[in-house]
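**Q** Quick one: the structure is below, questions incoming.
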Amino acid sequence: MALALRTLRDPDRLLGEGLAAIHTQFQLPAVFPAAVEAEAAEAVRRPIEGHADRTALPFVTLDPADSRDLDQAFAIETARQDMLLHYAIADVGWFVRDGGAMDVEAWTRGTSQYLPDGKVPLYPPVLSEGAASLLPDGERPAVVFAVRVDPAGQASLDGVERARIRSRAKLSYEHVREDELPEGFAELGLRIEAAERARGAARVDPPEQEVVRANGHYVLHFRPQGWAEQRNAALSLATNLAVADALLKAGTGLFRTMAEPQEWAVRRLRNAAKALGVAWPKSETLQQLELRLDPHVPAEAALMLAIRRASQGAGYEPFRPGARPWHAAVAATYAHATAPLRRLADRYVVEAALAVANGRPVPDSATAAFEKLPGVMQKADQLSGQLARAAVDLAEAVALHSREGERFDAVVTDVDQRGARIQICSPAVVARIKQDGLKAGAELTVELVSADPATRSVTFSAAG
């Protein structure tokens, strides 16, 4: 769940102080151990050897403007009716030695952790934002996936190799123009999206929440993903699907899985839709609803975030004979291979894909890692979820700060032993209220009792 708290518009320091408290509460490390930094400094001096020369391919990157940990670069070719996506991934395995200080620390962290005021990286910045990042300032070692996409959008893996590449440009979601992107970028994205629709996939890409100051108080707004960000995500999706298929056929790998939302969660979402004024006919499934939600409409953007929160969450599963791992949102077997600078698991999936594509045995280190990674990644994902929830709670408390005594329309989304969960209609805030006799779907007016950024809490009572 993304959240952009604009601390430059924070004259009362409510956001800045709240974010500092989150760092302290969750004991987020501010620096790397000295041994890790020393090993990283030595690793970045390693010459690029044993990599094919693919510097003639016109790779570019496409990321947020302020990003420097660039995992992916891409180039596109046509191959008769098919399109060939050359998807270069940062070759983290070239720099990180199994059992070394960086490796041990990465297993402790699991993933990079992101907060609105910055990130806690998986690897030292000299590596993740320098020598391993696919920046356009020189040659970089990479693992290049050749992904063939047919006219129906089906993706398959043509090959995988270690290669030297040179990115031509660092493009940004915020400023990129169509004519700056490789020819075929739009067509490739449309093919992949068509294949998603044919599978019945319903990936939810909710907008970012941001807090701005207006009329004397803070207000929650939504920033939808732009067209470039959505199309770029499709390229990563196609690569991950192709890798997953290849690993599954080879009888190895680590897969990203997600179950369908449970019935009680869907009932809660229907009440949230009612609160937000989003029409959801009883005959329409959750997947059908997701496909038509518009992130540019604030109420629908809020519902997209509610759907993300209602998910049972994704996990990781190693290959098991006779089993087919499944990711409900993608509606396919799926793996994570495209963000090794930010996710520990991807490094091992990339190494397995290299071996499988070139007819070599999967390294024992990767096979062993696949058994241990689900627990490590689950712990890291849980921390990510806790940080995201804390940031959202802070945003909601800041947005409602100094509005005590105001009344808001709300709908009860569900009731349990802790009371009633309510969805405020505007701003889109989820809270709890203790009042007997409330039932899911009930409409009511509530009064804000308190909104405390220091405790990241909001309290409502039924309006008299």
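Conditions (1) touching a Phe, Trp or Tyr at 6+ places or on another chain (Cβ under 6 Å); (2) open to solvent by 20 Å² or more (accessible area, probe 1.4 Å); (3) under 19 Å from Ala306 (Cβ atoms); (4) not hydrophobic (A, V, I, L, M, F, W, C), marked per residue:
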position	(1), (2), (3), (4)
Tyr348	no, no, no, yes
Lys372	no, yes, no, yes
Ala391	no, no, yes, no
His401	no, yes, no, yes
Glu404	no, yes, no, yes
Ala420	no, no, yes, no
Glu447	no, yes, no, yes
Val458	no, yes, yes, no
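**Q** Further, regarding this structure: Within the range 386-424, which residues are free of Cβ contacts under 8 Å to residues at least 24 places away in the same chain and touching an Asp or Glu at 6+ places or on another chain (Cβ under 9 Å)?
**A** Ala420
**Q** With respect to Lys282, determine if the residue is farther than 30 Å from Glu178 by Cβ and without any contact (Cβ under 8 Å) to a residue 40 or more places away in the chain.
**A** Considered against the rule, which asks whether it is farther than 30 Å from Glu178 by Cβ and without any contact (Cβ under 8 Å) to a residue 40 or more places away in the chain, Lys282 comes out as yes.
For every residue, the table says whether it meets (1) under 17 Å from Val147 (Cβ atoms); (2) open to solvent by 30 Å² or more (accessible area, probe 1.4 Å); (3) in contact (Cβ under 8 Å) with a residue 12 or more places away in the chain.
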{"position": "Asp66", "(1), (2), (3)": "no, yes, no"}
{"position": "Asp69", "(1), (2), (3)": "no, no, yes"}
{"position": "Gln72", "(1), (2), (3)": "yes, no, yes"}
{"position": "Ala75", "(1), (2), (3)": "yes, no, yes"}
{"position": "Gln81", "(1), (2), (3)": "yes, yes, yes"}
{"position": "Tyr87", "(1), (2), (3)": "yes, no, yes"}
{"position": "Thr108", "(1), (2), (3)": "no, yes, no"}
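**Q** Please verify whether the range 173-188 includes one or more residues that are open to solvent by less than 70 Å² (accessible area, probe 1.4 Å), over 27 Å from Glu351 (Cβ atoms), touching a Leu at 6+ places or on another chain (Cβ under 7 Å) and part of a strand (DSSP E or B).
**A** no
**Q** Can you tell me how many residues within the range 128-166 are under 19 Å from Arg97 (Cα atoms), touching a strand residue (DSSP E or B) at 6+ places or on another chain (Cβ under 9 Å) and open to solvent by less than 50 Å² (accessible area, probe 1.4 Å)?
**A** Residues meeting the conditions: 9.
**Q** A follow-up question, please. What is the one condition in (1) open to solvent by less than 30 Å² (accessible area, probe 1.4 Å); (2) among the aliphatic types (A, V, I, L, M); (3) at pLDDT 95 or above that Ala201 does not satisfy?
**A** Every listed condition holds for Ala201 apart from (3).
**Q** Answer yes if at least one residue in the range 331-347 is within 30 Å of Ala21 (Cα to Cα), touching a residue at least 12 places away in the same chain (Cβ under 8 Å), in contact with a helix residue (DSSP H, G or I) (Cβ under 8 Å, 6 or more places away or on another chain) and assigned to a helix (DSSP H, G or I), and no otherwise.
**A** yes
**Q** Take the residues in the range 236-293 that are among the acidic types (Asp, Glu) and more than 22 Å from Pro321 (Cβ to Cβ); name whichever of them is farthest from the chain's Cα centre (by Cα).
**A** Here the answer is Glu284.
The values are calculated or read from the model by the stated rules, or taken from the named source; none is laboratory data. Quantities reported herein were computed from a predicted structural model and do not represent experimental measurements. A quick note on method: Cβ atoms are made from the backbone with ideal geometry, for glycine too, and the neighbour counts reach across all protein chains shown. Quick note on the areas: whole protein, heavy atoms, side chains included, nothing else; ligands and nucleic acids left out. Shrake-Rupley method; radii C 1.70, N 1.55, O 1.52, S 1.80 Å.
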